[in-house]
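So the structure is just underneath, and the comments pick up after that.
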Amino acid sequence: MSLLVINPQLLWSAPSGAEWIIILLVVIIFFGGKKIPELARGLGKGIREFNDAKEGVKNEIEAGMKDKNKAE
């Protein structure tokens with residue numbers, strides 16, 4: 001048994017141009033043209049909330065580090 005055997009399942013790559021077109025067509029068929037803006041709006045809101053939370057945690061950590069430096 002060779003250690004250089006590559007598992008074929010690990011050779012998957014990101015979708016190419018034609019595959020993205022197929023994916024978009026499937027999404028349009030399943031959700032319809034009217035639902036897509038709602039899905040995009042929800043996705044944007046989720047990303048915005050995630051970034052706000054990330055910034056909040058970053059600010060708390062920085063504030064804690066400043067307080068620790070002042071205490072020393």
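The Cβ shell under 12 Å around ILE28 holds other residues with a net charge of +2, Lys and Arg each +1, Asp and Glu each -1. Please work out the ratio of the alpha-carbon Rg of the range 32-72 to 2.2 N^0.38 Å and round it to two decimals. Output field value: 1.99. Dipole magnitude for the range 32-72: computed about the Cα centre from +1 point charges on Lys and Arg Cβ and -1 point charges on Asp and Glu Cβ, it is near 300 debye. Extension gain for the segment VAL26 to ARG41, taken as residue separation times 0.36 nm less the Cα-Cα distance, is 3.5 nm to one decimal.
Values quoted throughout were computed directly from the atomic coordinates according to the rules given, and no laboratory measurement underlies them. Fair warning: this is a prediction, and the values are worked out from it, not measured in the lab. Quick reminder, even Gly has a Cβ in these numbers, built from the backbone with ideal geometry, and neighbours come from all protein chains shown.
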